[in-house]
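Comments concern the structure below.
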């Protein structure tokens, strides 16, 4: 078992204390010995150990120098053969291409800090260097919002325009040390692509989404009318059979593309 050290709250650290979640995460990523895996925040290395056991190469991004020292003690052979490569870097400023991976030629498997979940989804999905598969251990509420909630959110739509999310399983707080205040869940995104933006502008779509979800309690028509002509919008809604009183959370992803095309 990899060496443990004290949690650093400023980094949002909650270390896994069993191989239950790592096995589920590696299964969800369909790992093979041919894979290159980018792992964010390996910490004590329990997930790293499982990825390495599957034969994959690991590129680990770690902000805590204590964790790096621990990993170097635990995996000297894997580091010597370069099956494990460790970079000291803050994931909040992460650009995947900076670490030697190529577009659609790597996977992401990581137990990430709750407070940077949204930014890490963006870092790996809204980029010119996308993975083929992404598996994150996140707060249960976040995984539910992305993959299971019948109501959409800015986060869920922002993920779905790039790939297909799924809720893999719940991971109870007892699987961590120290245990977080809430349960976690494994969220996976597959079929990752930029094809949705072959004929429309990514910038225009996200401008539309931010506007539409700007005031969630208000009707979508009213939110969008702040930037677009209300009568023109009403005509588009009627043509696309969208109720005039619909809210952003009730609109499926494909309909956002249809609205933007008409605008």
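Scanning region 112-152 for residues that are within 20 Å of residue 213 (Cα to Cα), out of contact with any strand residue (DSSP E or B) (no Cβ under 7 Å at 6 or more places or on another chain) and not in a helix (DSSP H, G or I) yields a total of 5.
When residues in region 162-183 are screened for being closer than 24 Å to residue 257 by Cα and either over 17 Å from the mean Cα position of the chain (by Cα) or surrounded by fewer than 17 Cβ atoms within 10 Å (Cβ to Cβ) (or both), 2 of them pass. For region 37-69, the set of residues classified as touching a strand residue (DSSP E or B) at 6+ places or on another chain (Cβ under 9 Å), surrounded by fewer than 17 Cβ atoms within 10 Å (Cβ to Cβ) and closer than 12 Å to residue 84 by Cα consists of 68 only. Being buried (at least 19 other Cβ atoms within 10 Å of the Cβ), in contact with a helix residue (DSSP H, G or I) (Cβ under 8 Å, 6 or more places away or on another chain), at negative phi and not in a helix (DSSP H, G or I) is a description that applies to residue 186. Looking only at residues in region 167-179 that are assigned to a strand (DSSP E or B) and in contact (Cβ under 8 Å) with a residue 40 or more places away in the chain, which one is farthest from residue 203 (Cα to Cα)? The qualifying residue farthest from residue 203 (Cα to Cα) is 177.
Within region 91-107, the set of residues being part of a loop (DSSP other than H, G, I, E, B) and exposed (fewer than 12 other Cβ atoms within 10 Å of the Cβ) comprises 95, 102. Residue check: residue 128 meets all listed conditions (1) assigned by TED's automatic domain parsing to the domain that holds residue 15; (2) crowded, with 17+ Cβ neighbours inside 10 Å; (3) closer than 30 Å to residue 227 by Cα but one, namely (2).
The lone criterion from (1) surrounded by fewer than 16 Cβ atoms within 10 Å (Cβ to Cβ); (2) touching a helix residue (DSSP H, G or I) at 6+ places or on another chain (Cβ under 6 Å); (3) within 21 Å of residue 99 (Cβ to Cβ) left unmet by residue 117 is number (1).
Would you confirm whether any residue within region 138-146 is without any contact (Cβ under 8 Å) to a residue 24 or more places away in the chain, farther than 25 Å from residue 51 by Cα and not assigned by TED's automatic domain parsing to the domain that holds residue 44? No.
The values are calculated or read from the model by the stated rules, or taken from the named source; none is laboratory data. All values derive from a computational prediction rather than experimental measurement. Note that we place each Cβ from the backbone using ideal geometry, even for glycine, and neighbour counts take in every protein chain shown.
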